[in-house]
Structures are given as structure tokens and as C-alpha cells.
1. Suppose we keep only residues that are within 13 Å of the ligand (Cβ to nearest atom) and closer than 14 Å to residue 12 by Cβ within the stretch 25-45. Which one would you say is most open to solvent (accessible area, probe 1.4 Å)?
2. Please list, ordered by first then second residue, the pairs with beta carbon atoms under 9 Å, 6 or more apart or interchain, first in the stretch 51-74 and on the phi > 0 side of the Ramachandran plot, second open to solvent by 20 Å² or more (accessible area, probe 1.4 Å) and more than 13 Å from the ligand (Cβ to nearest atom).
3. Hey, does the stretch 50-63 have a residue that's open to solvent by 20 Å² or more (accessible area, probe 1.4 Å) and small (Gly, Ala, Ser)?
4. Quick check on my filter: what residues within the stretch 116-151 are surrounded by 20 or more Cβ atoms within 10 Å (Cβ to Cβ) and not in a loop (DSSP other than H, G, I, E, B)?
5. Within the stretch 201-214, track down each residue that is touching a helix residue (DSSP H, G or I) at 6+ places or on another chain (Cβ under 9 Å) and of a type outside the set (Lys, Arg).
6. Among the residues of the stretch 222-249, how many are open to solvent by 40 Å² or more (accessible area, probe 1.4 Å) and within 14 Å of the ligand (Cβ to nearest atom)?
7. Criterion first (under 29 Å from residue 117 (Cα atoms), of a type outside the set (Ser, Thr, Tyr), modelled with pLDDT under 95 and surrounded by 23 or more Cβ atoms within 10 Å (Cβ to Cβ)) does residue 181 satisfy it?
Amino acid sequence: MTSLESQIKTRLDNVNNQIEVAARRVGRDPSEITLIAVTKTHGLDMIQAAVAAGLRQFGENRVEEARIKIDQSAGLLPEDVTWHMIGHIQSRKADDVASYFEWVHSVDRLKVARRLSAVFTATGRFGHILLEVNLSGETTKSGYQLSGWPDDTAQERTFIEDVGSIARLPGLQIEGLMTIAPLVSDSELARPVFRRMWQLRDHLADRFPACTWRHLSMGMSGDFQVAIEEQATMLRLGTALFGPRAQNL
Ligand SMILES: *Cc1c(COP(=O)(O)O)cnc(C)c1O
């Protein structure tokens, strides 16, 4: 094992322990939680080391950066490696997103969903999508604006209309919701946002029973234990697995 591999293995063991402890605390089965390794800013060497440590789900937040890495990695990674797009999608990049990723966590406009649907359908593939919501009201964030949810009925109406349209698009399956919690010093402060996520999920499951709504993609390195306590099923972890990034992206 290279030193990079053993370093990642140590961090991964530690993360898996923390996932297990948090899950057991609230009576959940840790095996229902998917760990997505966020490799933004890191190169193929890091991805290969992560694969050697046992990771298979990878997340990237910029399509240009991901394209280069995914092309470079052709034939070098196991078949069961899965790529997740987790960053904001510009409409003109949506075609590339559908070409390179199987999971898209950051769908926040009908226009983007339509492009993804067209490309997945044309290439005979199938896209798993999550709808990104912004429950905290931080203006820098993307995602459907639902900062006033459940009280702001105008916000909810706009969102629900889009969900109805997206649910009918071919080549896509809505799998659930994604959010980025506010960056806070104490992860407990993120709990109200995570809690509103599962409440919103329950509300949508009532309104759109044909979609599975089985996933809540939430929880990053600083807050994933609290996210697990509030029903997260997909964690997106970068720093906890790979250490601090050179650039703050
Ligand atoms: C970078 C990033 C993460 C991972 O952040 P860490 O704090 O390093 O775990 C998760 N989600 C999104 C959308 C990101 O851009």
C-alpha cells in the first residue's frame, strides 16, 4: 500500500466509525447511508488511492474539471465506480453533465432538468437526479429557494410546479433532495435545516407518491453526524477523507 492509500484508509476507517456511531444513536442501519467521496481539486492519483481504500462513489462540483478526470481515468478504475455531480449547473453545461455523470444532485431548474432528460434519453442511459433546495436563505447558494418553507406558499408553489414537470420527463428518476447546510462553527446549528429537509421530503412523498424520494443528500465533513441523525442517506465528504484542499472551492 502506498502512503497515500494508507492515509486515506485511516481516514476512511475513522469516518466509517463516526457514521456507525451516529446511525446507531438514532436507531438507523449504517448500511443505508452512502458515502460519496468528493474529489474536487484532487487528481487521478488521489482517486485511485481512494478506490484502493474501497471507495466507489465519487463527487465532483465542476463539470470542466470532472470531464478531464473522468476521461483520464478511462480503463483505470473499476466498472462499478459511479460519478455524482454535486455542484451548480450552468444551462449550457447541462449536456456534458448528462454525458459524464449517472447521478446529478444539483438540479434546481426545469430548464436544466429538460436538457439532462434529452441527453440521457438520446444516449440510451438513465439519470438519477436529486432536486437541490436552499432552506437557509443564504443568497450565494444555488438550489430552489425554499428559505420560507413551510410558511412561504409562493415559494412552495413554484417548486411544486417544477417537481410535477420534472417528474414527467423521460430518462430521469427523481430520487430525492439535496441541500448544502450553512457553514457554521457548531454543527448543531445546521440541525434545523436538516430537519426541515426530511419534513419537506415527507411532504413531497405525499404529493408525488410515484417518485421514490428515498434519498436525502446532506452532510459534509463538518456536519455529517448531525445530518445522519436527521435522516441523511447520502453524505458528500471531501476534507474528512482527503484532508484540506489547496484551494478553497
Ligand atoms: C466541496 C463540497 C462538499 C465536500 O465538502 P467537505 O467540507 O470538504 O466535506 C460537499 N458538497 C458540495 C456541494 C461541495 O461542493
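The values are calculated or read from the model by the stated rules, or taken from the named source; none is laboratory data. Values in this document were obtained by computation on a predicted structure and should not be read as measured data. Because the Cβ atoms are built from the backbone with ideal geometry, glycine has one as well, and the counts that use them run over all protein chains shown. The protein model used for the area step is the full one, side chains on, heavy atoms only, and it has no ligands, DNA or RNA in it. Shrake-Rupley method; radii C 1.70, N 1.55, O 1.52, S 1.80 Å.
1. Filtering the stretch 25-45 down to residues within 13 Å of the ligand (Cβ to nearest atom) leaves 35-42.
Retained after the next criterion (residues that are closer than 14 Å to residue 12 by Cβ): 35-39.
Working: 35: 23, 36: 0, 37: 0, 38: 7, 39: 0 Å².
Per the criteria, the residue is 35.
2. 54/9
3. yes
4. Correct list: 116, 117, 120, 127, 129, 130, 131, 132, 133, 134, 144.
5. Hits for the stretch 201-214 are 203, 204, 208, 210, 211, 212, 213.
6. Counting residues in the stretch 222-249 that are open to solvent by 40 Å² or more (accessible area, probe 1.4 Å) and within 14 Å of the ligand (Cβ to nearest atom) gives 9.
7. Numbers: under 29 Å from residue 117 (Cα atoms): yes; of a type outside the set (Ser, Thr, Tyr): yes; modelled with pLDDT under 95: yes; surrounded by 23 or more Cβ atoms within 10 Å (Cβ to Cβ): yes.
Judged against the criteria, residue 181 is a match.
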